[in-house]
1. Near the amide H of ARG28, under 5 Å away, which other amide H atoms are found, from residues 5 or more places off or on another chain, if H is placed in the peptide plane?
2. Tell me the relative contact order for the chain as a rounded percent, counting alpha carbon contacts under 8 Å between residues six or more apart.
3. For a quick check: with amide H placed at 1.01 Å from N, whose amide H comes under 5 Å from ASN54's, ignoring anything fewer than 5 positions away on the same chain?
4. Mind ordering 88-101, 49-62, 25-38 by average Cβ neighbours within 10 Å, highest first?
5. Rounded to whole Hz and in sequence order, give me ³J(HN,Hα) for segment 39-54 from the Karplus expression 6.51 cos²θ - 1.76 cosθ + 1.60, θ = phi - 60°, writing x for Gly and Pro.
6. May I ask you to evaluate 6.51 cos²θ - 1.76 cosθ + 1.60, the Karplus curve with θ = phi - 60°, for each residue of segment 88-94 and list the ³J(HN,Hα) values in order in whole Hz, giving x for glycine and proline?
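Readers should treat all values here as calculations from the given coordinates under stated rules, not as data from a laboratory. Every value quoted in this text rests on a predicted model; they were computed, and no experiment measured them. Cβ sites come from the backbone with ideal geometry, for glycine too, and all protein chains shown count toward neighbours.
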Amino acid sequence: MRASPSIAPHGPDQDTYLVLDDFGRTGRAWRETDEGATDRETLILNLLSGEYKNPVRIVTFNTAEGWSRDVTVDVADEVRRRLVECGEISESILAFLVATNRG
């Protein structure tokens, strides 16, 4: 029996991160992402650079290990830690950080 190709965009030992972006009147969509840009570090750098219009949820999954989870708050916490390194942040990221604030 022939094996099906992997749906994971990279190696089986790497987690994949996707962003649900809110485009206002046109609705929400999982952002299309280059297969080499679905790792956590690239996601955080893209958030800090204003790549997303209005991120509302971030999920990660690993098909090889068979799990997925919502990591929105965890990623927001990491972005907060890195704000010191950034000059300016976009209004959308500021809104994202306010919406995910646990305190």
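1. Those lying under 5 Å, H to H, from ARG28 are PHE23.
2. 27 percent
3. Here the answer is ASP22, since their amide H atoms fall under 5 Å of that of ASN54.
4. The most tightly packed comes first, giving 49-62, 88-101, 25-38.
5. Once θ is set to phi - 60°, the couplings for segment 39-54 become 7, 4, 4, 5, 4, 5, 4, 5, 4, 5, 8, x, 5, 9, 5, 7 Hz.
6. Per-residue couplings from phi come out as 10, 10, 6, 4, 5, 6, 4 Hz.
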